[in-house]
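Report on one structure; see the data block that follows.
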Amino acid sequence: MIPETMRQELQDRISSAITNREAAVDVMKALQTHYGWLTDEAVVEAAGLLGLSPLQVEELATFYEMIYRRPVGRYVIHVCDSISCWSMGGESLLRQIAGLLKVTVGATTPDGLFTLLPCCCLGNCGQAPAMMIGNSIYGGVTSLEKATDILHQHRRNT
Amino acid sequence: MKIFSDMTALMTGMWITWKHIFRRPVTIQYPEQRRQPYPRYRARIVLTRDPEGGERCVACQLCSAACPVDCISMQPAEGDGGRRYAEWFRINFARCIFCGLCAEACPTLAIQMTPDYEICTRDIMNLIYEKEDLLIDGCGKSADYNFYRHAGIAVTQPRGNGAEELPPVDVRGLMP
Amino acid sequence: MPKLIIDDITVEVAEGTTLLEAAQSVDIPIPHFCWHPALGRAGACRVCAVKLLDGPVKGIQMSCMLPAQEGMVVSTTDPEAVAMRRHVIEWLMINHPHDCPVCDEGGECQLQDYTIAGGHGIRRYSGKKRTHVNQYLGPYIEHEMNRCIQCYRCVRYYQEYAGGTDFGVMGSAGRVYFGRFQEGQLESPFSGNLVDICPTGVFTDKTARFRARYWDYDMAPSVCPGCSLGCNTTPVARYRELLKTVARRNDAVNGWFICDRGRFANSAVNAPLRPRHAVVDSRESCVEDALDTLLLRIHALGELHGPGSIAVVGSSRMAQEAAELLPQLALRIAAGALCYRTTRKESTETSSFVELVHTGSSASQQDVRKSDCIVVYGCDPLNEAPMMAMAIRQAWRSGATVYVIEHKITLPCEFTLRATLDDVPLAEAERPVIICNLSAETDQLDKLLEGHSRLKIAPLFPAANSFGTALLMREHGAISLEEALADGEIKGIISIEADIPAALLGKIPFVAALDWQATATVQAAQIVIPTTAWVEMNGSYINYEGRAQHFSKVMNPGVPVKGLDPAGHPPHIHRSTATGGEALPARQLLARLIKLLDDGNRGLS
Amino acid sequence: MSYDPIDITLIGAKIALVFFVILTLAAYLVFAERKVLAWIQDRKGPNRVGPFGLLQPLADLIKLLTKEDFRPIGADKWLFYLAPAMAAIPAIMIFAVIPFGAPLTVFGHSVELQISDLNVGLLLFLALSSIAVYGVALGGWASNSKYALLGSIRGLAQLISYELSMGLSLVPVVMLARSFRLSDIVAAQSGCWFIVYQPLAFIIFLISIAAECKRIPFDLPEAEGELVAGFHTEYSGMRFGLFFVGEYINIIVLGGLAATFFLGGWHGPWLPPVIWFSGKVLAFAFLFIWMRGTLPRLRYDQLMHFGWKILTPLALVNILVTGWWLVLRG
């Protein structure tokens, strides 16, 4: 269950949209932040708020790759494997981070801190290879040191 | 001259038949002497089993569709684990012309032809073979083939464990 | 009106017509999966590729997405286009499980046809196949996601066309999955059409699962007896078992689809309890003897109670041909009454509505779909005639306003509530339609019709042939059974496919029933003669708008092979008639009865 | 001419002998045909009944006699029953005029090895062979069956056509022998066989008799590929057997005639005349079987074309040439 204040906020957001469906991503994002990931319960709640059927919310939730329908760590690392980043070494970056965290791609570290995911494009091709942790984006992650630094920074923050 | 070539043709024919009179006959004395046909000989039809011992026949009705004399009839049904099988399967050997189209049409290699050609009987009703009469215990030809291992249907193995399959997709998974 | 050349044939089509339709109009087939006449384009399958040789657009194009334009020169047989289509088919087949032998779609599968037609026979790709886990979608529809080719027809139909919200498409890219949020029965009352619309075997009819193949089907064009809409169907039978029903296209009536109620209604025909033999005084008899006995009883009753002590009772579910013979029979036996309805209410209601429809103001389902203002007046289309609700939705989708006159109903579209008919701005509408049932006030409708020349009405009658029998009621002055029994003169009835309420049944000492269903009337009857169900005979129904539609015989009557005792299954004895196959169409039984009466009269005189 | 009892007894004995020999020979000819055809086709032929299958004709006879005597609905009863006899009897009657050996002396009587030495023996043969046509015609007509009718119509046309060339091919023989009497014709060949003078007539005669006894390649009246079994489609049992045996008697008789007209009859060195005659007849019979094992059936138009446009004119030309030759020789 979500707090009443949050419900009210979301309802306001929905009513400010022209159609309910338009606000779906915002609602899902908000619920995801609240629960950590978009649980089945959250999908049903979102559907209730939006006046859609759970399936219709699920259609959107499973479409967007940054809406997580499975449990994730505190920080989700998206490493771009799209063409620009790939040509600048995005592939080895992903591999190296996986080695660093000692997890396979797609998995969460045992301490529940990081989830490593590949990602199609972060819109940061100018600073390839790019990665995103949480909501912050990092460009030009060309060396393992740089990546390690970024990860340590996040680890410290907790 | 046409007449000469015609005469030559006639005489050649007569000469050939004349020579054949003194050839050794190829006939064998059937009931006493028996010829062992080759394994691919097209005689009595059987239903084989897969290597695990299950019925290969999925009652897809392709054999009955291919049969030019309509001698095959069956009723498909659903068995354990969604396995499609023949509730009853009947071949009327009084009609069968042993053309082999059914065996050729069979996608699961269930229906096969054997070299057993001696199926005469005095009562025509005895020539109507039911599934119990047709089903054998072995695999026949292609001993290692099991249709369900290759078709993406979870009957002999869980979904995604087939020979050419990836594990099932998780539509809610995190990987893009 | 653009003019273009397709495969050396000059075609002129209406503005906005796609290349695919333009080609179809001159019988040039272009393979397609995602395009469907009822759903339009999606551009998802890429299999309708053609090559444009000249004109405003050139090169390989998807014919379903491209509107026909002036001066186009199109080739469907260009090697490049052919190769493109072949490759697309090959891609579509990469993840296909190749399980056609155990797939119910096998033999009637569009994917199969186009794979063969495209020349793809041998799988060249040696990688592994993607798999999906199926969902349970209720007792009617079988789900097999592995076979999916992502044409999106199902979701477009289900959500857009039919207005369902519980089934859709999830995921993206290679994970696309068509299903529900959670397993469970599909909620839409039109979900059965998924079976028809899926070009491959993702959705198959569970009720007919593993029963037969297309080439073994007994099929014939038929009409649904479920309600008065008269939707066109093709029932499918094998070995005297009605396996399934599929929709038959009729643009004026049901379009491409039918409702689930009409589709999954086979059990009545296959019911083991159906009367299969003639019964006289609870003893099994044959049709001839039963007819003779019936004649004797009629004479005996006539002598005992005087003429007019027998009533002939028809029903609104009997075929028109049989219904037309009832007055003849009534005349021959000097019946005390001719009835087509049991209650007085039903009788008066239908009569008045027949008058109304006769003015030529009835709206077909197509009229409803094309309407711009729909008034649902006092009826519940989704329950009374589901396909009418579907038609309302189509009108709503193309911009019509839907009004509901203060009534608690649901519709698969948005609607506005109004207190009375007078509150609806009918005068402003171009093609207004009022949908009502027989409880509506005909006087009021009459007045409205007079006031609005463009107004049409669609009165939902209760049964398949309510309209046809109502016409006969008017012509022959038939009364309801309730009225006929009021003075106690009627001592016996001959009931033809009539469902008589227990209260009325109790008042009648002698009942002879001709029916194909084991109704209460049949159970109470002294003489029972089996008739054939609609799929076992030729006949016609007249639907709510006065449209007479013929239905053809699909299968022979008789106990299904499946229902025979295990010893006789499969049958090993050769007979000329099937077990329990002595049922005759009601019209034939009536004609025989009339002939016997005529012969008897001639003999007496 | 007076008959003494011994003469009458001898004639009776001759008739009985001929009858017995010809029927037995016909039966074994059937067997021989099956055997030879089998050899030609690299098979063994009948070999189950008796040693080397020699009792096969007996088995065939028993089978034919015990089969159901079937008559189709609508068949003309009397004609249907008469036809097989009409096919077999004229064939065997022709043998009455064929001399099958040099005269013997028995009990002081000179015995002609010929049943009846008619002075118009050759004409009798032509007449009787024409009567045999009725067997085919009536059998096919009376059966009330389309195949039988078609077969019999074919048979009629064919037999009439080839009878003409057959008769004409024998005219030079008569011209050379200056007699219709068959014993005279044989006697005329005591020096040189007529086949030497008349090779063309011999060939025409050979082809014509093949057509006359409806043998392959002229078996269009039966043509099992097209007409089931032609004129005898509807016959079963011994009635069919009579048609069948009639055909083989015909082969023997026509072989005998061919020997008489062109191969010097019973004449021949070293061996007894009867042996020579039998040998020649059997050689012809073998030739017919051999032809059957080799040649395909003609088409109907080819058959008619060949008979009328080739054989008959050739026979006429042959008569003319023979006439000139005789005139020139004086």
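The values are calculated or read from the model by the stated rules, or taken from the named source; none is laboratory data. A quick note: this is a predicted structure, and the numbers were derived from the prediction, not measured. Cβ: placed from backbone, ideal geometry, glycine included. Neighbour counts: every protein chain shown.
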Report task. Keeping to the range B:1-27, report how many residues are assigned to a loop (DSSP other than H, G, I, E, B) and more than 9 Å from every other protein chain (Cβ to nearest Cβ). Result -> 1
Query - Exclusive hit being crowded, with 22+ Cβ neighbours inside 10 Å, modelled with pLDDT under 85 and over 19 Å from D:V136 (Cα atoms), set D:V281, D:V274, D:V173, D:V186 - result: D:V186
Query raised in the report: What are the residues in the range C:98-150 that are outside any helix (DSSP H, G or I), within 9 Å of chain B (Cβ to nearest Cβ), polar (S, T, N, Q) and under 30 Å from A:L55 (Cβ atoms), if any?
Result: C:T131, C:N134
Report task. Kindly establish whether C:P101 is free of Cβ contacts under 8 Å to residues at least 12 places away in the same chain and surrounded by 17 or more Cβ atoms within 10 Å (Cβ to Cβ). Result -> yes
Query - Filter pass, A:P54 being within 13 Å of another protein chain (Cβ to nearest Cβ), under 13 Å from the mean Cα position of the chain (by Cα) and within 25 Å of C:Y177 (Cα to Cα) - result: no
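Looking for something within 14 Å of another protein chain (Cβ to nearest Cβ) and not in a loop (DSSP other than H, G, I, E, B) - is there at least one such residue anywhere in the range A:147-157? Quick ask: steps written out before the conclusion?
As a first pass, look at the range A:147-157 and keep what is within 14 Å of another protein chain (Cβ to nearest Cβ): none.
No.
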Report summary line: Sole miss for B:R95 among (1) charged (D, E, K, R); (2) without any contact (Cβ under 8 Å) to a residue 60 or more places away in the chain; (3) within 13 Å of chain C (Cβ to nearest Cβ) is condition (3)
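Please tell me if B:T108 is at pLDDT 90 or above and facing another protein chain (nearest Cβ under 9 Å).
Judged against the criteria, B:T108 is a match.
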**Report entry** Conditions (1) of a type outside the set (S, T, Y); (2) within 14 Å of chain B (Cβ to nearest Cβ); (3) in contact with a helix residue (DSSP H, G or I) (Cβ under 7 Å, 6 or more places away or on another chain): number failed by D:P90
**Finding:** (2)
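Being closer than 30 Å to C:H132 by Cβ and either buried (at least 18 other Cβ atoms within 10 Å of the Cβ) or modelled with pLDDT under 95 (or both) narrows it down to one of C:C259, C:C224, so name that one.
On the way: C:C224 fails: closer than 30 Å to C:H132 by Cβ.
Checking each option against the conditions leaves just C:C259.
Quick grid of which residues meet (1) part of a strand (DSSP E or B); (2) touching a residue at least 40 places away in the same chain (Cβ under 8 Å); (3) under 30 Å from A:C119 (Cα atoms):
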position	(1), (2), (3)
B:A77	yes, no, no
B:R122	no, no, no
B:D144	no, yes, no
B:T156	no, yes, no
Requested in this report: Taking the options C:A463, C:A513, C:A498, name whichever one is within 30 Å of C:S398 (Cα to Cα) and either part of a loop (DSSP other than H, G, I, E, B) or in contact with a helix residue (DSSP H, G or I) (Cβ under 9 Å, 6 or more places away or on another chain) (or both).
Outcome: C:A463
Query - Subset of the range C:1-30 (residues that are over 13 Å from C:C64 (Cα atoms) and assigned to a strand (DSSP E or B)) - result: C:K3, C:L4, C:I5, C:I6, C:I9, C:T10, C:V11, C:E12
Query raised in the report: If you take the residues of the range A:65-79 that are within 11 Å of chain B (Cβ to nearest Cβ) and in contact with a helix residue (DSSP H, G or I) (Cβ under 7 Å, 6 or more places away or on another chain), which of them is farthest from A:T142 (Cα to Cα)?
Result: A:R69
Query raised in the report: Can you find even one residue in the range C:379-393 that is over 24 Å from the mean Cα position of the chain (by Cα) and of a type in the set (D, E)?
Result: no
Query raised in the report: So is D:N318 over 27 Å from D:F20 (Cα atoms) and either surrounded by 20 or more Cβ atoms within 10 Å (Cβ to Cβ) or touching a strand residue (DSSP E or B) at 6+ places or on another chain (Cβ under 8 Å) (or both) or not?
Result: yes
Query - Breaking point among (1) under 30 Å from C:K562 (Cβ atoms); (2) more than 14 Å from chain C (Cβ to nearest Cβ); (3) at pLDDT below 90, for B:L101 - result: (3)
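Out of the residues in the range B:133-162 that are hydrophobic (A, V, I, L, M, F, W, C) and facing chain C (nearest Cβ under 9 Å), which is farthest from A:V105 (Cα to Cα)?
So, considering only residues that are hydrophobic (A, V, I, L, M, F, W, C) and facing chain C (nearest Cβ under 9 Å), the one farthest from A:V105 (Cα to Cα) is B:F147.
Filter the range B:163-173 down to the residues that are part of a loop (DSSP other than H, G, I, E, B) and facing another protein chain (nearest Cβ under 7 Å), then identify the one that is surrounded by the fewest Cβ atoms within 10 Å (Cβ to Cβ).
B:G173
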Query raised in the report: Can you spot a residue in the range C:301-313 that is out of contact with any His (no Cβ under 6 Å at 6 or more places or on another chain), surrounded by fewer than 22 Cβ atoms within 10 Å (Cβ to Cβ), among the acidic types (D, E) and touching a residue at least 60 places away in the same chain (Cβ under 8 Å)?
Result: no
Query raised in the report: B:A59 is checked against (1) aliphatic (A, V, I, L, M); (2) farther than 22 Å from C:C103 by Cβ; (3) touching a residue at least 12 places away in the same chain (Cβ under 8 Å) and fails just one. What number does that condition carry?
Result: (2)
Requested in this report: From (1) within 21 Å of the chain's Cα centre (by Cα); (2) facing another protein chain (nearest Cβ under 8 Å); (3) surrounded by fewer than 19 Cβ atoms within 10 Å (Cβ to Cβ), pick out the condition that doesn't hold for B:P176.
Outcome: (1)
Query raised in the report: Looking only at residues in the range B:51-79 that are of a type in the set (G, A, S) and at negative phi, which one is farthest from the other protein chains (Cβ to nearest Cβ)?
Result: B:G54
Requested in this report: Can you work out which of the residues in the range C:527-545 that are over 30 Å from C:I435 (Cα atoms) and touching a helix residue (DSSP H, G or I) at 6+ places or on another chain (Cβ under 7 Å) is surrounded by the fewest Cβ atoms within 10 Å (Cβ to Cβ)?
Outcome: C:I527
Report summary line: Only one of (1) part of a helix (DSSP H, G or I); (2) in contact (Cβ under 8 Å) with a residue 12 or more places away in the chain does not apply to C:K447, and that is (2)
Requested in this report: Considering each residue of the range A:33-60, count those that are part of a helix (DSSP H, G or I) and closer than 29 Å to C:Q185 by Cα, and give that number.
Outcome: 18
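Scan C:S466, C:S495 and give me the residue that is modelled with pLDDT of 90 or more, under 21 Å from C:A334 (Cβ atoms) and within 30 Å of the chain's Cα centre (by Cα).
Numbers: C:S466 fails: under 21 Å from C:A334 (Cβ atoms).
Within the list C:S466, C:S495, the selection yields C:S495.
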Query raised in the report: So is C:S351 assigned to a loop (DSSP other than H, G, I, E, B), among the hydroxyl-bearing types (S, T, Y) and on the phi < 0 side of the Ramachandran plot or not?
Result: no
Requested in this report: Residues that are of a type outside the set (K, R) and farther than 30 Å from D:L17 by Cα: find the helices (runs of 4 or more DSSP H) completely inside the range D:206-313 holding 2 or more of those.
Outcome: D:224-227, D:273-294, D:300-305
